[in-house]
Amino acid sequence: MDYNAQVKNRVKRMEGQLRGILKMMEDEKDCKDVITQLGSVRSAMDRTIGVIVSSNLVDCVKAADQEGEQADELIKEAVNLLVKSR
């Protein structure tokens, strides 16, 4: 799969958020603030997983269609990836 700049930027943003959280911990910030930021990273990660799985699924379904194959198994696999990521 080709990971485009948008997906890579999402991961870089999460990396920056995690560094910020670590700094908050080192500065002994309030746990509510740390938890809020951790929740934000988790949400960003969930959205990124969704983007990657859906993009890959679209590519795989198109390829299967061009080759005259059924896409049912590909769709099941994509759903399983999303379920396992939770």
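The values are calculated or read from the model by the stated rules, or taken from the named source; none is laboratory data. Given the structure is predicted, the values throughout are model-derived calculations rather than measurements. For neighbour counting, all protein chains shown are included, and Cβ atoms are generated from backbone atoms with ideal geometry for every residue, glycine included. The protein model used for the area step is the full one, side chains on, heavy atoms only, and it has no ligands, DNA or RNA in it. Shrake-Rupley method; radii C 1.70, N 1.55, O 1.52, S 1.80 Å.
Add +1 for every Lys or Arg and -1 for every Asp or Glu among the other residues with Cβ under 14 Å from the Cβ of M1, and state the total.
On the way: positive: K8, K62; negative: D2, D59, E77.
With Lys, Arg at +1 and Asp, Glu at -1, the net is -1.
Highest first, please rank the peptides 48-56, 6-14 by the mean number of other Cβ atoms sitting within 10 Å of their residues.
Numbers: 48-56: 15.4, 6-14: 13.1.
Averaged packing, sorted descending, gives the order 48-56, 6-14.
How far is helix 5-26 tilted off the main Cα axis of the chain, in degrees rounded to 10, range 0 to 90?
On a 0 to 90 degree scale, this one is about 20.
If you take all C-alpha pairs in the chain, what percent of them are over 17 Å apart?
Working: 2143 of 3655 pairs.
The share of Cα pairs beyond 17 Å in the chain comes to 59 percent.
What number comes out for accessible area per residue over the chain if the probe is 1.4 Å? Units Å², please. Write out the running numbers ahead of the final one.
Details: 6740 Å² over 86 residues.
With the other protein chains kept in place, the chain gives 78 Å² per residue.
Probe radius 1.4 Å, ligands and nucleic acids ignored: give me the carbon and sulfur share of the accessible area of the chain as a rounded percent. Kindly include the intermediate steps, with their values, before the conclusion.
Details: 3570 of 6740 Å².
In the chain, the share of accessible area belonging to carbon and sulfur is 53 percent.
As I understand it, the value is the acute angle between the Cα axis of helix 72-84 and the longest principal axis of the Cα atoms of the chain; what does it come to in degrees, rounded to 10?
For helix 72-84, the angle is close to 10 degrees.
Placing +1 at every Lys and Arg Cβ and -1 at every Asp and Glu Cβ, with all other atoms neutral, what dipole size does region 33-85 have around its Cα centre, in debye to the nearest 20?
The dipole of region 33-85 has a size of about 320 debye.
Against the longest alpha carbon principal axis of the chain, how many degrees, from 0 to 90 and to the nearest 10, is the axis of helix 31-66 turned?
The angle comes out at about 10 degrees.
Need the full-extension length gain, E69 to K23, defined as separation in residues times 0.36 nm minus the C-alpha distance. One decimal, nm. Don't jump to the answer; show the numbers that get you there.
Values: separation 46, 0.36 × 46 = 16.56 nm, distance 5.06 nm.
Separation in residues times 0.36 nm, less the Cα-Cα distance, equals 11.5 nm.
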